[in-house]
Structures are given as C-alpha cells and as structure tokens.
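The values are calculated or read from the model by the stated rules, or taken from the named source; none is laboratory data. These numbers were taken from a predicted model, which means no experiment stands behind them. Ideal geometry is used to build each Cβ from the backbone, glycine not excepted, and the neighbour counts take in all protein chains shown. Just so you know, the surface numbers come from the protein's heavy atoms only, side chains and all, with ligands and any DNA or RNA stripped out. Shrake-Rupley method; radii C 1.70, N 1.55, O 1.52, S 1.80 Å.
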Amino acid sequence: MALRMVKGSIDRMFDKNLQDLVRGIRNHKEDEAKYISQCIDEIKQELKQDSIAVKANAVCKLTYLQMLGYDISWAAFNIIEVMSASKFTFKRIGYLAASQCFHEGTDVIMLTTNQIRKDLSSPSQHDTGVALTGLSCFVTPDLARDLANDIMTLMSHTKPYIRKKAVLIMYKVFLKHPESLRPAFPRLKEKLEDPDPGVQSAAVNVICELARRNPKNYLSLAPLFFKLMTSSTNNWVLIKIIKLFGALTPLEPRLGKKLIEPLTNLIHSTSAMSLLYECVNTVIAVLISLSSGMPNHSASIQLCVQKLRILIEDSDQNLKYLGLLAMSKILKTHPKSVQSHKDLILQCLDDKDESIRLRALDLLYGMVSKKSLMEIVKKLMAHVDKAEGTTYRDELLTKIIDICSQSNYQHITNFEWYISILVELTRLEGTRHGHLIAAQMLDVAIRVKAIRKFAVAQMSVLLDSAPLVASSTQRNGICEVLYAAAWICGEFSEHLQEPQRTLEAMLRPKVTTLPGHIQAVYVQNVLKLYASILQQEEQAGQPEAAQQATQLLLERLPQFVQSADLEVQERASCILQLVKHVQKLQAKAVPVAEELSALFAGELNPVAPKAQKKVPVPEGLDLDAWINEPPSDSDSEDERPKAMFHEEEQRHAKPRQAEVDEEELARRREARRQEQASNPFYIKSSPSPHKRYQDAPGVEHIPVVQIDLSVPLKVPGLPLSEQYVKLEEERRHRQKLEKDKRKKRKKEKRGRRRHGSLPTESDEDIAPAQQVDIVTEEMPENALPSDEDDKDPNDPYRALDIDLDKPLADSEKLPVLKHRNAQAPKPPEKEDVPVVEKKSKKPKKKEKTHKERSRKREEGRKKSTQKKKKHKKEKEERGKDKKSKKRRPEREEATEPVQNGAPQEEPLPPMSSYCPLAENAYVKMTYDVQGSLQEDSQVTVSVILENHSRSLLKNMELSVLDSLNTKMARPEGSSVHDGVPVPFQLPPGVSNEAQFVFSVQSIVMAQKLKGTLSFIAKDEDGATQEKLDFKLHFSCSSYLLTTPCCSDAFAKLLESGDLSVSSIKVDGISMSFQNLLARICFHHHFSVVERVDSCASMYSRSIQGHHVCLLVKKGESSVSVDGKCSDATMLGNLLEEVKGTLAQC
Amino acid sequence: MIQAILVFNNHGKPRLVRFYQRFPEEIQQQIVRETFHLVLKRDDNICNFLEGGSLIGGSDYKLIYRHYATLYFVFCVDSSESELGILDLIQVFVETLDKCFENVCELDLIFHMDKDRVDRAGCVTQLSPRSCSYKAAGTLRRGFARMYTGSVCSHRLCPQPPLCHCWKERRAAGCLTWEDPVVSPVHYILQEVVMGGMVLETNMNEIVAQIEAQNRLEKSEGGLSAAPARAVSAVKNINLPEIPRNINLGDLNIKVPNLSQFV
C-alpha cells in the first residue's frame, strides 16, 4: 500500500502540468495534432488515478485544450469529481472546466445538483462564489428549478460579494425557469436599493435585461428607477437605467416628458462620454415616442444634434461612429434638424475609416431631397471613382441606387439624369451588382413611360459597345446590364433610331460568349426588334430592307442554335424556323409584319412584388388538399425514376408548341383568357407578364403617363450625368428667377412693408423637369392590407412575459428542499411584505421625504397597472391606423395573456374603461378618467376623438364649464371661459387621444361637467365650423388608484376601526366570481388582497388618500359587497357605482 | 448581455475563449478565426466597433474590440450594452491582468505606446483616442485617474513601473506570479469581471482584492502541484540549452529563471 503511494507520487512527479503542456505544444509546431493526441492519452491515464490533485491537473490541461478547439465532453464525469473536491484550488479548476464545456445536453449534469447546493451553502464565500460563477454558465431548466430557492436565499447573504453574484445569476435562472420570476421578484426589487453599489448595479443589470425583452411588465418600476437615476453617481448604473428608460418610453409617453429634464441636465453636466452618448440616445427615444401631437421639443432636438455634432467632429473614431449612429435615429423623426448638418456628413464620406463611411452613407439615404439628390449623388459618384476595394465600392453603388429609388423614385426630378447615372455605373469594373443596375434600368424604363425613348437610345449605345463591356468584365457580373439593355431595346424597339444597327449589334458573334440567360434574352429580343423593323420597312414600302433584315437573321441565328445553353438553343431554333417561314412569305410578297408584331403586342405593367401573396385565400379553398389522389405508397422504387423522366420529357416538349401556327396560337390564347376571366383565383386586375393582344381590354385601366417634356430628348452618344446637373441648376435658377419676379410684382402691389425674404428654397418649390407619372405597381383588388410579422414563437424571452404586480399565489412558491421532518426554512411569500415596512427598519433618514417617496413609488406602480392596459390598446390602434386608415379600430380590451402559474378559471370578457362621451356626424368621442399620480387633487381625462367623416378636422378646442368643485386646467394666462386646444388635427378616419387635466377639491361625490368641442371640418367643398356638446361624468371610482395591498397591512387597516361601514347586495348574477372580481378591479380600480373560494377582500385608495376596503361574497345568484372607507359619503357613492356595474353582470 | 469574449494574438492564436452561449467547439474555433480575420483587416486608427452580423446572434450584436500590442481583446455584445462602456470594461480587464501579473511585459507595453504623446502632467485629453477612457464608471474614473493623471502617470512612464518595487511583497501577499499556470488565472480574473455574460464588477480594486484573496487561499492549500513536481518537470526537458529564455504563455512573456542550477 505504502509502496503504491510512493509509486503514485513518483509517477505524479513526471506528469506534465499545464505549463509543460503549453510549452510542449510550442515545441511541436510541425506535429501539433499528434502531440496533443499523445497528451490527451496521458490525460486519460491521469484521470484514472485516485489522487484528486492528479485529476485536477489533468482537468486543468483539458480546459486549455478545449480552448484550442478540442472536445472534452468525454471527461464530464471527471470534471464533476474535481468540482466536488474539498480544496478550493481543485474546486475552482473543476468549475472552470464545467463552465467551459457543460451545456444542456450534458447528461451527467443532473449529478451536480446536490454538489452545487452544498457549495452554495458553504461557509467559505469563495466556494459559494466559484459555484455561482460556474453555474451561471451551465444552468439548465432542472438545475434552475431545483436551486432557485437556494440562490434566492443567497440574495440576502451577508457578504456583498455573494449577494452580487446571486443577483446576477437570477437572470439565468429566470431564463431557464420562468416560474421563479414572480416569487423572486420582490427580493430582486429590494436589491435595487442595496447599500452595496456592486449589488445595486447587479440588480439594475438584471432588471434592465428583463425589461428590455418585456418592457411593459416593468413600467411600475419607473418611479424607482427615476429616483435611482437622479440619485446615483455610478455611471455604469446610470447608463443601464438610461438605456432601460429608452425601452420604456415608447410604452409610456408621460414618462418621457418627465425624463427630458433630468436627461438634459445630465447631458450638460457629465464629463463621461459614454454617459453623454446614452443620454442623447434616450432623449432621442423619448422624442420619437412624443413626436405625435405633442408640443415641440425643438430645444431638446437641437441639443442632441449639437452634442452629436461634437461627437462626430471628435478625432476619436469611436465617438464619430457612434455620433453618426445616433444621428440616423434622429433622422427618422426629425429629418430637418439633421439635414442642416449635411456638410459634416458629406465630410465623413472622406473618412479613412470604412465603418464611418458606411454609417455616413446610411445617413445620406435619409437626407436626400429633390433639391439635394443630384448633388449628393454626384459626390457619391466621385467616391465611386476614387474608392479602393470592391466591397466599399459595391456598397456605394447599392447606396446610390437605394437613394435614388427610395419611396418610388420620390426625389428624382429628372429621369434622364438617372438613366445616365446608371449607364455611368456600368463602367465600374469588378462590381458584383450588375443585376441591381439592370433591375433599375428595367424598372425605370417600364414604369416611366416618358423616359423610354431616351432609355432606348442609351441602351442601344450600350449594346453597341457591348463587346467592350462584356470582354473586360465578363467575370464580374456587370454584363448583367446587357440583359436589361437587350430587353429594353427589344421591347421598346419602336423608339429606336437605327434599329438595323442595333439588330446587327445584338447578333454579333461575340454575344455567344455571354452567359446563357443573357443570350436567351438577346435571341428573344432580336425577334421583337426584327418584327418592328419589318413593320417599319413594310409601311415605308421598302421590302428589300425587310428582306435584308431577314437575311441577316438567317445568317446569324445558327450560331445561337449551336449554343450549349438549352434555353438559348431552343429559342434560337424556334425563331429560326419562324424567320424561315417569314422569308417564304416575303418571297411571295405577302405582308407579314402585322402578324409578326402581333406576337408581341400589348403593354407590360409592373406588379407589386407582394401582390400574389396578398391575395386572400377564398373561402372553401383548402390549399393543402390533394388535387389528385396521392400516389399510393406501394409504388416500387423502380417506378419512380421513370415517372420523373417522363415528366421531364413533357417539360421539354412544352416550348415546342410555340411552333404551332399563329391562328392556333391566337385561338389558344383567347381560350386561356376566357378561362382566366372565369377563374376566381386568377389575379384579374394585374395583367400577366404574358403578352396580350393589342385590343385586349384592361390596358385602358392602367394609369397612363402624361408627360410634358421641357427638355429636348435628343442625346448624342453617352451623356454625362454632370451635364444634367448643370442643366438642372440652370433650370432651377430660371424657375426661381421667374418666381422671384412674380413675388416682386406682388410685393410691389402690396407695399414695401417686408424686405426681400431669405433665398430659401424648399422642396416644394422645385418643379420636376418632366411631369412624370410613375406607373404604380399593381395590387390585386382584395389584397390584404397588413404584413404580418409574427414574433418568433421560439423566443426564449417570451416565457418571461409575466405580470409582476399580481400578488403571489400559493402554487407559485419555489420548490424548497425539505428534510423529512423539518419545516420549510422560509416561505418565499414573506418576501412580499410591503416595501414600506421594510424600509422602516432602515436607519432613520428624513422621515417625511421618505414617506413621500414610498408613496410615490406605490402610486407609480399602480399607475402603470392601469396605464399598461390602456396603453397597449392605444399602441395597437395606432398601428392599425397606419396600416389601414379606413378600418375602425376596435375599442375593446384584449384579455391579458394567461399568467404564469395562476391558471384562470375562464377567459375574461373584453372590457374597456372608455365610455362614450358624445357623437355627431363628424366625430365620436370616448373618454376615460384616471386619478393623477403626482397631484392629490387632479384627475386626467383622456378623450379619444375619432373622425368618422370625410373631412379634415382641425382647430379642435375643448371648453368646459367649470363647477365650484371641479376646474379644468388651462394654459397659463387664459381665462375661465377659454377652451383648451386639442394638440392635433384629425384626417378622415383617424382617431387620436388627447389628455386634459382637471383639478378637483372634494372627491367624495361624483361630478358632472358640461362642455363643448368646437372644431373646423374642412373638405373639398370648404370648411365649416362645427360644435359638439357633451357631459363629462366623474364617477367616484375614477378618483381611485389601483393600489396593491398585502393581507397584513389590510388586516391592520381594518383593525384600526376608524372606517365607516356600508353594504349592498345585488341579486340575479350569473357571472363567475373570477370575472366579477376582474370587473370590479377594472372599472373601479380595486386590487384583490385575498381570495378564498367565493369570497374576496379588495382594496383601493383614492387620490386624496382615502382607504377603501371591500369584502365581496358570492351566494347562489346574488353578490353582497361590504365596504369600509374613511369617508362615509364616498363609500356610499362608490358602492352605488359598484352596484351599477354588478347589475350589468 | 455579453455573448462572447475572445482574446487572441496577432496571429489569431486563441489566448482566451469564453462563450456565454453554447456553441460546439468547432464552431467556436470558426468564430475565433472569422473574428480574427475581421479585426486583422482594420487599422489601429479606425473605430473599434464592428457589426458582427452573421457571426454570432445576428444584427443585434456588435463586436467591440481593443488591440493592445500583440493581443486583441474582442467582446461580442448585444444592444443592451453601452459601446463605450464595453471599451472601458476591456480596459479594466486588461489593467487588472496587468496588476495581477506584475512582471508581464507585453501588457506593460500597452501603456508605454503613447509615451511620446503624454506629457509629464499626463493630461487625459492629450492621450491618443486609443487609450482614452470613456469613463463609464465613477470607480473606473478613479482607476484611470490613477493611471493617467498626476504623478502616477509619470511613474508609469519611468523605466521601472512603480509596481516593480513592491512585486516581492505582492507575491508574498498571494498575487500571481509566473510560476502559476497562466491560462486559468486569466479565466479566474475574467470571472470576477463578467459573470454569465453580465458585467459583475467594474471596480478594479475590488477585482484585484478578490483575486488576491483567492490566491492566498490557494497558496494556503499548497497550490495545484507541490514543488518537487516542478523541479522534475524542468529536468524532464532533455534539451536544456533549447529552453527558451522567454516563454510566451497566453502571450504574457514570462522570464524563465536560469535552470542551470538544477542540472
């Protein structure tokens, strides 16, 4: 035995340690893999030894090999052995190895549960810390479930080092075991105010991470975070909080308004660039969320833009990059303020850093206007010439095209210029984006009818120089533009100046070196061109010229017939046969041009890319149903290849049918059209890409371009786009001069009060060179309006979408490891003790402010529970409004998603807190009253105005007759009789919400106020002044704020005995108790304190601090409600209102 | 969240690979290679952000890196992290490494690179952007103040960094020395900075205190291997003259003591 020990230790002396391994790998550069496999064999031997130190050494080496890419999962069990060593040195090695290679698929991981639990409760903070760190990397759902309670206990550990780690790891636990979120949340929230800054920072970190995924559940924490933001000096924490606010503001615009000021202060005061940048970012987010119908925050925007300009001008490339990044966010909502910094952004295009140039390009995309497009593109073209490296040049190219084509060529005033830009781009060498240019050429030529003549001229030049283009750049894909050129020349051949020449160019032997699909287009369009030449010559009475063309075709087409590309070959042989036929007819002097061109008659119309997808599936059509019976499974293997072959043969046979004579073709086409007409699934309104007969109906419906050409279209050769820029400038100058003259004349007439205005030129002033109607892309008539972009159902963060404000149910307790006869250590429900009480244990601060704060927080919480629902609704509506302005948004509350862990008895019926206020032919008003959170005598009335007329409603003004008790808050300086303007206009079919604040003195009684909405309705016929009277009803419930209350505090409150009592009873109620409670909660702003069977206690608080407690009991078909409240009158009124609600159930 | 932390040298050899999301080993290596090729192409005087794109996680993720002499430190993070904050975090990490391995040469180089640009007063604003701090944390700011301002800064630039004077004491106090295998300690240090993809601690003093406490504990337990094994392992290297004078472990140049005494 002793001998074995000695032998073992001598062996050990010769074991390699990690350093030896590293050194060895360096010394075996040539046969590294072999050396390592040797080492792994040695390690395997070492792992078989009994000594834990040897094993630890082996595992340590394995960890290094893992980094080099070797799979070490085979040693998982040994790693666990090392993890369970008693010495910290070994334990740490074990946990490190585990964190590097364990994952959910590691089967031995379930063996670790008890070991980890032991380490977590170890007296040594290092053991606990190492276990927490390791676990954070390999926590599985099982581990999370089993260890959640242990970790939660550690969150209150005495050592901040452990608390910090425990808080952080909770996020991983939540991800793997979402059920643990609700029970652990109160403690997590508590940690936000931990005395240790590290723990606090960790808690902020976790909550920010949670809130980023499901922001709406964390709105209630906003006041707490707000407090932290104004008090914390830790920039890491501040950054996290400010980022979090960025995620919250879109859900709660009022939060945004409060944020602006402190953020602006921070921007002014901080010296830390990182904090400054995040502040600016969040201010931008706030401004975006406020941008609808709010008073202007131009000062804030200016501040942001200024600060960003400083960042961009900084010599630090990182700041420059981030500045541009943030700038692009502002651009989306406030393009004007960014556009004034165009110089700076254009400067960034010259930066040596490619990422910065790309960012600047992104910005340019949003900055172009009709006025600046040509200039910006000119600059970009200069960059294209200078650019080194194809990636950046390709990026430039795509950006130029993006910029020009954005929103349906909105900014292009001169399409000739655009075509010339595209042609210039074809001279780029080595670009991958030939197809992009080609697509643009085709798109413009098809959709902008006026440009066709010009385009055709350009394209024919391009075709003429084709050998040049093709030979030099064959491999680069620029030859794709020839695809477009050939097609355009063929399709619009009637515009060609010298069709013969183009025909010749398209039939050159060089063409056969082009890729197959381009040759195919060449061949097809040669025929189109030929047809139009024949027609021209026949009309001109020159049969010889026509015969010449025929001859040319007959000579040159055979080279395509020999093509290796099937498509080319097939088309060429078809066409060759056709031409031969034509030749025979020509010999007999029979006119054929008419018939031949009939082959290609008809217009092509652009169809929207999503048109097909948007056709709704008609009722009764099952797309998944078999059309034919599926082949029986008994089909033997041998038969299958045969069937495939057969099919293929058929496919080949199809194009041959083209050889059938014209009449037959026409007949078939007609038949097909008829069939299509009677076929409900055929998209009728969108003409198929197939050709139609000239007299086919439908062409007339297409919006036809009317063009007034003020610039002569004759272009000698390839024009430079710059010429157009000059032309354009001149033209604009002329226009301006004319306008100025006109103005002057006017001014002279008026008088000389105003001196010359600044020479600003807005976009609207620039009239396009050509009046160009762009043919819009067609959509099927009954297309569905929306694009569904469903979220990924597999999103792991979805499971964490959990309501955190609801009191905990028994079923939600975390599983606690119990000894058979021992009590559970500490039920997690105790965590739910109200914050107020906990705080009182803390060392005395200024008590007053302290109370205020906690009240504010409570208010915040309840505010968000109410607002959350409302807000969601609003958001939905806005979304809908955008998508289809015609559809009337539904004003119904969607049921909340089923909450985790607390199964509901039945789905809640939809509820809305908005009641109708008034309605006339123009506008419909609904409203909701909410107690104010900041002021104890204010309520906010949210009025939704919905315009269901066809007029634009503007100058809306709400005036209310104040009572002694209730007064409307008006802007400073306005009198009692003035109305309050509604901060937006309503286009037809749109609804929006306005909020008005009222101050109330006594809230024990319901109030009614009379008021009038006046507005101007403006439509094509003119504007009319309209009025709508209404009566605002402030119920007592509207003064209540949903306030959660725990049962202890509730009991204390009832014990105090200074509440007056009253009760009501309502008969004939059939609704389930659950729904009943939900209704009371929703309409009267109560929260359930406790519920036992069909009896529940509820609590709420008024804005002036009255406590209201209810006991609701459900009998057979009746419900009795006992109430206790600090004010008897209020209780009486409230119960009447509750009765009213119950009576409707 | 931080998705991955990669440290590799100028040749793309990984020095530390830490993923906070499971990837099979071969994918990990591929990511390291691709990331290396991405950052290698970039000049030192251009910005430190890269849109990672298809590498890890998609468009929400960014690569934020810093290049120190022979080492690249790359953090792959999502949009919940502040870009400048992460740059500072890398700085904290590197400085902590520097502090824990006091006789590290390569890492020391970093701080001398800007020698000519920092005057004796060590004013931060005159530093090159590369080493300029974005001051994410108050605590960090203190750290940087120590580093770049006042007398400490001039210390840093003197031939012998101040830490050299006390390194023996520090070693006695449990600080890491060249004798410890390097790779794992770097991990242990990282574990005190980032945990499970979330920033754990940004205060360098706290981190160093933790590490030193752990190392003391390890020392008291006798370390991973006893002294004899080390001596013998030196003997095992038959070609004694070929032992390099400087061993590059984790790119931390470590001076090898003269081994002739063992022969």
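Just the number please: accessible area per residue for the range A:126-197, 1.4 Å probe, all protein chains included, in Å².
I get 25 Å² per residue for this part.
When the Cα centres of the range A:329-371 and the range A:168-247 are compared, how far apart do they sit, in Å?
36 Å
Give, in whole angstrom and from largest to smallest, the semi-axes √(5λ) of the equivalent ellipsoid of the range A:945-991, with λ running over the eigenvalues of the Cα gyration tensor. Numbers along the way, then the final one.
On the way: eigenvalues 142, 25, 11 Å².
Result for the range A:945-991: semi-axes of 27, 11, 7 Å.
Can you run phi through the Karplus equation (6.51, -1.76, 1.60; θ = phi - 60°) for the range A:1093-1106 and list ³J(HN,Hα) in whole Hz, with x for Gly and Pro?
Whole-Hz 3J(HN,Hα) from phi for the range A:1093-1106: 6, 10, 9, 9, 9, 10, 9, 7, 9, 7, 5, 9, x, 5.
In Å², nearest 100, what accessible area do chains B and A bury in total when the solvent probe is 1.4 Å? Spell out each step's value before the answer.
Details: alone 13920 and 59950 Å², together 66790 Å².
When B and A are taken together, about 7100 Å² of accessible area is lost.
Taking each residue in B:23-31, count the Cβ atoms of any other chain within 10 Å of its Cβ, then average. What number comes out? Mind showing how you got there, number by number?
Details: counts 1, 4, 11, 3, 1, 4, 4, 1, 0.
Whole-number average of other-chain Cβ neighbours for B:23-31 is 3.
Across peptide A:63-70, what mean number of C-beta atoms from other chains lies inside 10 Å of a residue's C-beta? Could you put the intermediate results ahead of the total?
Values: counts 4, 5, 1, 3, 13, 6, 11, 3.
Other-chain Cβ atoms within 10 Å of each residue's Cβ, averaged: 6.
Averaging the inverse of every distinct alpha carbon separation and then flipping it gives the Kirkwood radius. What is it for the range A:1080-1119, in angstrom units? Each step should come with its number before you reach the end.
Values: mean 1/r = 0.0922 Å⁻¹.
Kirkwood radius, the range A:1080-1119: 10.9 Å.
In the range A:955-1022, how does Rg compare with the Kirkwood Rh, expressed as the Rg/Rh ratio over alpha carbon atoms? Mind dumping the intermediate values first?
Details: Rg = 14.5 Å, Rh = 13.8 Å.
Over the Cα atoms of the range A:955-1022, Rg/Rh equals 1.05.
In whole Hz, what ³J(HN,Hα) sequence does the range A:1014-1019 give by Karplus (6.51, -1.76, 1.60; θ = phi - 60°), x for Gly and Pro?
Coupling constants for the range A:1014-1019: 10, 7, 10, 9, 10, 9 Hz.
Packing-wise, with mean Cβ within 10 Å as the measure, how do B:67-75, A:482-490 rank, highest first?
Numbers: B:67-75: 20.8, A:482-490: 27.6.
Top to bottom by mean Cβ count within 10 Å: A:482-490, B:67-75.
Quick one: which of A:140-149, A:85-94, A:412-421, A:35-44 comes out on top by average Cβ neighbours within 10 Å, and what's the full order, highest first? Intermediate results must be reported in sequence, preceding the final value.
Working: A:140-149: 20.1, A:85-94: 22.5, A:412-421: 24.0, A:35-44: 16.5.
Taking the mean over residues of other Cβ atoms within 10 Å, the ranking is A:412-421, A:85-94, A:140-149, A:35-44.
When only alpha-carbon atoms count, how far does the range A:375-531 stretch along each of its three principal axes, as whole angstroms with the largest first?
42, 33, 20
Which three extents, in whole angstrom, do the alpha-carbon atoms of the range A:475-613 cover along their principal axes, largest first?
That works out to 47, 35, 26 Å along the principal axes.
Assuming 1.306 mPa s and 10 °C, estimate D for the range A:1071-1145 with Stokes-Einstein, Rh taken as the Kirkwood radius over Cα pairs, in µm²/s.
129 µm²/s
Take peptides A:1094-1106, B:18-30, A:55-67, A:202-214 and line them up by average Cβ neighbours within 10 Å, highest first, as a rough protection proxy.
Descending packing order for the listed peptides: A:55-67, A:202-214, A:1094-1106, B:18-30.
With an 8 Å Cα cut-off and a minimum separation of 6 or more residues, compute the relative contact order for the range A:222-320 in percent. Don't skip to the answer; put the middle values down first.
Details: 73 pairs, mean separation 25.4, N = 99.
26 percent.
State log₁₀ I(q)/I(0) for the range A:189-341 at q = 0.09, 0.18 Å⁻¹ as given by the Debye formula over alpha-carbon point scatterers of equal weight, solvent excluded.
Per q value, in the given order, log10 I(q)/I(0) is -0.28, -1.07.
How large is the convex hull of the C-alpha atoms of the range A:11-134 per residue, in Å³? Please report the intermediate quantities before stating the final value.
Values: hull volume 12.9 nm³, N = 124.
Per-residue hull volume (Cα only) is 104 Å³.
Semi-axes, largest first, in whole Å: what does sqrt of 5 times each Cα gyration tensor eigenvalue give for the range A:207-297? Mind dumping the intermediate values first?
Details: eigenvalues 69, 57, 23 Å².
The answer is 19, 17, 11 Å, longest axis first.
Averaged over A:95-103, how many beta carbons belonging to a partner chain fall within 10 Å of each residue's beta carbon?
Whole-number average of other-chain Cβ neighbours for A:95-103 is 3.
First compute the accessible area of the range A:493-570 with a 1.4 Å probe, then give the percent of it belonging to carbon and sulfur atoms.
On the way: 1640 of 3490 Å².
In the range A:493-570, the share of accessible area belonging to carbon and sulfur is 47 percent.
Could you check how many percent of all C-alpha pairs in the range A:115-262 are farther apart than 20 Å?
Looking at the range A:115-262, the distances longer than 20 Å represent 48 percent of pairs.
When the expected Rg is taken as 2.2 N^0.38 Å, what fraction or multiple of it is the alpha-carbon Rg of the range A:970-1094?
Details: Rg = 21.8 Å, N = 125, 2.2 N^0.38 = 13.8 Å.
Relative to the rule-of-thumb radius for its length, the range A:970-1094 sits at 1.59.
Counting only protein heavy atoms, probe 1.4 Å: which residues of the range A:157-176 lose 40 Å² or more of accessible surface in the full assembly compared with their chain by itself?
A:TYR161, A:LYS164, A:LYS165, A:LEU168, A:LYS172
Across the range A:1113-1130, in residue order, what do the Karplus-derived ³J(HN,Hα) couplings come to in whole Hz, using 6.51 cos²θ - 1.76 cosθ + 1.60 with θ = phi - 60° and x for Gly and Pro?
Karplus values, whole Hz, x for Gly and Pro: 10, 10, x, 4, 9, 10, 10, 10, 10, 9, x, 10, 8, 6, 10, 5, 4, 4.
Stokes-Einstein D for the range A:74-127 at 4 °C, 1.567 mPa s, Kirkwood Rh over Cα pairs, in µm²/s? Don't skip to the answer; put the middle values down first.
Values: Rh = 11.2 Å.
Answer from the Stokes-Einstein relation: 116 µm²/s.
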